[in-house]
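Report on the structure given below.
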Amino acid sequence: MGSIQSVIEDVKDTVQDSAQRLEGRAALSAGKAMVREQAKMAAMLMEQQKELKEVSLELKKLRKQRKSGGGFPWTLLLLAGGAYALYRSNAGVRDQVDALLGKVDPGIKGNLSRAVDAVKDAASDVVDGNSPSDAVKRAGGELQRAGEKAVDGVKTAATEAKQDAQAKAQDLGNDAQAARKQN
């Protein structure tokens, strides 16, 4: 019996030694895999840092351009000029625009008229070789004021419609109460 027990003990010790060696190998493999993943992560972070520096430089360039005027808004000028040319050359468009302007607040019509004059001035400045930036700014300001007036008018109309609806709802409620009292 003693020899079976010693064989079992020897097998047990061998299994434990094997398990420890396997644990050591597994830990070593896991450590190597972790080092590889960290190296990949470090390389990826370096690449992102490089890209962030490039984006930062581009942003600084854009800020400098913006501070220095950023260039002239030629697209806006061409669009306004095209709209004005269409207005001047097409009687149907002119009639529609005039009809629409007749329906809006006269203050808005004045702002739009001044904006058209400013666009004309800008076109003249371009033809004369001068900078049209002041005239374009003036046109933009007039258009902005016209838009603000239009929005205010819509808000006022919406408020009045809401108040009217509330008053009618109140009247309807009162009528319903009076009908219930009669029944």
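The values are calculated or read from the model by the stated rules, or taken from the named source; none is laboratory data. The model shown is predicted, which means the values in this text are computed figures rather than measured ones. What goes into the accessible areas is simple: the full protein's heavy atoms, side chains included, and nothing from ligands, DNA or RNA. Shrake-Rupley method; radii C 1.70, N 1.55, O 1.52, S 1.80 Å.
So the values come out like this:
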read-out: Candidate lysines for bridging to residue 32, where Cα separation is under 24 Å - those fewer than 8 sequence places away on the same chain excluded; value: 40
read-out: For the chain, calculated [θ]222 nm from helices alone, where every DSSP H run of n ≥ 4 adds -39500 (n - 2.57); value: -33500 deg cm²/dmol
read-out: Surface accessible to a 1.4 Å probe, per residue, for the residues of region 1-47, Å²; value: 90
read-out: Principal-axis tilt of helix 91-103 within the chain, Cα atoms, nearest 10 degrees; value: 90
read-out: Region 16-24 - phi-based ³J(HN,Hα) in whole Hz, Karplus 6.51/-1.76/1.60, Gly and Pro as x; value: 5, 4, 5, 4, 5, 5, 5, 4, x
read-out: Computed over region 20-176: relative contact order in percent, which uses C-alpha pairs under 8 Å that are six or more apart; value: 16
read-out: Eligible lysines near residue 137 by straight Cα distance, threshold 28 Å, same-chain separation 8 or greater; value: 60, 61, 64, 67, 103, 109, 120, 149, 155
read-out: Carbon/sulfur fraction of accessible area - the chain, other protein chains in place, 1.4 Å, %; value: 59
read-out: Candidate aspartates and glutamates for bridging to residue 168, where Cα separation is under 14 Å - those fewer than 8 sequence places away on the same chain excluded; value: 160
read-out: Hz values of 3J(HN,Hα) by residue in region 145-150 - Karplus curve (6.51, -1.76, 1.60), Gly and Pro given as x; value: 5, 5, x, 4, 5, 5
